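Heads up, the thing below is written out as structure tokens.
The values are calculated or read from the model by the stated rules, or taken from the named source; none is laboratory data. This structure is a prediction, so every number in the text was calculated from the model and none was measured. With ideal geometry, Cβ positions are generated from the backbone for all residues, glycine too; neighbour counts draw on all protein chains shown. With ligands, DNA and RNA removed, areas are computed over all heavy atoms of the protein, side chains included. Shrake-Rupley method; radii C 1.70, N 1.55, O 1.52, S 1.80 Å.
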Amino acid sequence: MTDTLSSQGTARRAPPDASRGERIARLREAAYRIRRYALRMGEVQGQGYIGQALGMAEILAVAYGHALNLRPDDPDWEGRDRFLLSHGHYAIALYAALIEAGVIPEAELETYGSDDSRLPMSGMAAYTPGMEISGGSLGQGLTIAVGMALGLRLKRNPAFVYNSMSDGELDEGAVWEAALSAAHYKLDKLICLVDINNQQADDRSSAVLGFEPLADKWAAFGWHVQRAPGNDLEAVLGAFDRARAHEGPQPRVILFDTLMGRGVPFLEEREKNHFIRVEEPEWRQAIEILDRLHAGERA
């Protein structure tokens, strides 16, 4: 399968003096490409956690196209902001963002999930440039992020630590122990991103274990809290900027409400999108629909 985008390998970040409109336009293109890369990887294996990647595209576009301080050609640079993928099964989403950021070559997506690939189906830090932690049991990312933020503080390293996690992980007690610790230690360089898509493997997340009122709970634990529509690019951009600029000595959390399968209507409408399998021709159909809708938005 050969289907590369013409802008492969180019620098896509808006220049520092770019207008907000230009910045939004660039990020919208990035979100589109992230969705497209994820669908192409899904086509390689015929299955995967594609719904989450489609749902988080705007969040990842802003993270890697605007917020994170990184060097694509040196992913281990000590001054980098760290992005932890606590929900390791979202790996295909992060791979798409790393391709968009120029950390991983686009051609490697053809190897997704294959033997000896740097892109295994679950996130593995030992394999993938830009993957900070290995994903496995859920609920571990925030505990690691707390330790990482403490370590960076001791080293006087001003880098931010971002922890991306799912609403299903809120069922884990370790998450709330870490939340208490982060507030206690006043980790103002820690930003937690929670993807609230209300789906997990067995049922709706809210049916498995109710988590609302979620904003009030994080605030009670001592965090600076925002809640934003995760598929509204301008709202996502504003939330990231406010999280970094907040001056209080608190960790920050952004609760993003997202739609699984966003950008491909026949996937959006599926009752269960936690793990997607579709008929072989439907992968190409999904990409064609995504391309057509994106072209309509740009017209």
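Looking at (1) closer than 19 Å to Ala239 by Cα; (2) part of a helix (DSSP H, G or I); (3) of a type in the set (D, E, K, R), can you tell me which one Glu43 breaks? Among (1) closer than 19 Å to Ala239 by Cα; (2) part of a helix (DSSP H, G or I); (3) of a type in the set (D, E, K, R), the lone unmet condition for Glu43 is (1).
Kindly check whether there is at least one residue in the range 159-172 that is free of Cβ contacts under 8 Å to residues at least 40 places away in the same chain and open to solvent by less than 50 Å² (accessible area, probe 1.4 Å). No: zero hits.
Condition test on Glu108, is it assigned to a helix (DSSP H, G or I) and of a type in the set (Asp, Glu)? Considered against the rule, which asks whether it is assigned to a helix (DSSP H, G or I) and of a type in the set (Asp, Glu), Glu108 comes out as yes. Screening Gly88 against (1) at pLDDT 95 or above; (2) open to solvent by less than 10 Å² (accessible area, probe 1.4 Å); (3) not β-branched (Val, Ile, Thr) leaves a single unmet condition, (1). Would you check if Leu142 is under 15 Å from the mean Cα position of the chain (by Cα) and part of a helix (DSSP H, G or I)? Spelling it out, Leu142 is indeed under 15 Å from the mean Cα position of the chain (by Cα) and part of a helix (DSSP H, G or I).
Picking from residues in the range 243-285 that are touching a His at 6+ places or on another chain (Cβ under 9 Å) and more than 21 Å from Arg35 (Cα to Cα), the one that is surrounded by the most Cβ atoms within 10 Å (Cβ to Cβ) is Pro251.
In the range 239-294, of all residues being among the β-branched types (Val, Ile, Thr) and assigned to a loop (DSSP other than H, G, I, E, B), the one that is nearest to Ala91 (Cα to Cα) corresponds to Thr258.
The number of residues in the range 175-205 being farther than 27 Å from Ala61 by Cα and open to solvent by 30 Å² or more (accessible area, probe 1.4 Å) comes to 9.
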